[in-house]
Amino acid sequence: MIVTKLFLIGNFTAPSTWVAFIIACLFSYIAIRLKFGKQPANRFGDAIFYLIIIWKLSVIITDFKIVIHAPFAIVYFNGGLVGFILGLAFVAYKTWLDWKKGRIDKSMLVVLFIGAVTVQAVFQVMMVLLNEGSLFARVGTAVVFIGLLFFIWKNVEQSGSHIVQLSLLFMAAHVFVAAIQPKGLINPPLLVTVLIGFFFMALFVKESTLEQTDGGKTG
């Protein structure tokens, strides 16, 4: 959705994207904590923390001259889409490394996948509620993402047996929504969804391959 409203929070003027993202992260953390417990929720919370910190500090890279002349720009600005992608890349790499070294198992990967989908779905719904736009695009966006959220939470298993299919569904649903929104298919949230979807697909395909290999050796 196109940003049409700004919100005054103390001395800061925040676009609706920031407000929607914060609400999405808080909602997702609480939902995971209630469903899966403290440890998975904390792992998900750490991923969100790393993402936000890198996104904020990446302004040093994307707008180095501004930060040099006005260091407090770090507080007011962020690295934009480039910084957000850098944050995602770091979280993805850390998740892959922890999985490879056995620090997290498949069930934890499932929780992280659910968390990522929930953040994106709630973010999209909040953008509908916080901004103005065509009724068709707003209703279509809300219905698709709320439906996606309920479907994935209902059908996902901690065994991770359907994560590849659910990742494809996640991406396909967002492509459909993007097609009915003003910016079309060229928009940052869709790019984020595609990156997240392909990351979890690749990770669970690798996990399944290793399980089959280990099963064959055991047999």
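A few comments on the model shown:
- Under Karplus coefficients 6.51, -1.76 and 1.60, residue-wise ³J(HN,Hα) of region 126-140 in Hz, glycine/proline x: 5, 5, 5, 6, 8, 10, 9, x, 5, 4, 4, 5, 5, 5, x
- A straight chain from V194 to V139 at 0.36 nm per residue would run longer than the Cα-Cα distance by 17.6 nm.
- Over 32 Å between alpha carbons, listed pairs K65/K101; K35/K94; K35/K101: K65/K101
- For region 6-218, the relative contact order is 19 percent, taking Cα pairs closer than 8 Å that sit 6 or more residues apart in sequence and dividing their mean separation by the residue count.
- When the chain is treated as a GNM with alpha-carbon contacts under 10 Å, the residue of A178, A70, A121 showing the greatest mean-square fluctuation is A70.
- Using the Cβ-Cβ distance between I68 and N42 with R0 = 35 Å, the FRET efficiency computed as 1/(1 + (r/R0)^6) comes to roughly 0.45.
- Remark on the chain: ratio of C-alpha radius of gyration to 2.2 N^0.38 Å is 1.08.
- Amide H contacts of A14: F7, L8, I9, each under 5 Å away and 5 or more positions distant or on a separate chain (H built 1.01 Å from N in the peptide plane; Pro and chain starts excluded).
- Against the main long axis of the alpha-carbon atoms of the chain, helix 38-57 sits at an angle near 40°.
- Full-extension gain in nm, L26 to A89, via 0.36 nm per residue minus C-alpha separation: 20.5 nm
- Helix 188-218 and the long axis of the chain differ in direction by around 10°, with both axes built from C-alpha atoms.
- Cα long-axis angle, helix 163-180 against the chain (0 to 90 degrees, to the nearest 10): 30 degrees
- Cβ crowding within 10 Å averaged over residues, with 123-133, 52-62, 96-106, 145-155 ranked highest first: 123-133, 52-62, 145-155, 96-106
- Part-to-part distance (alpha-carbon centres) for region 38-114 and region 128-179, which is given in Å: 23 Å
Since every read-out is calculated from the coordinates, none of them should be taken as a lab result. The structure presented is a predicted model; accordingly, all values stated were derived computationally and were not measured. Using ideal geometry, Cβ is built from the backbone for each residue, glycine included, and neighbour counts are taken over all protein chains shown.
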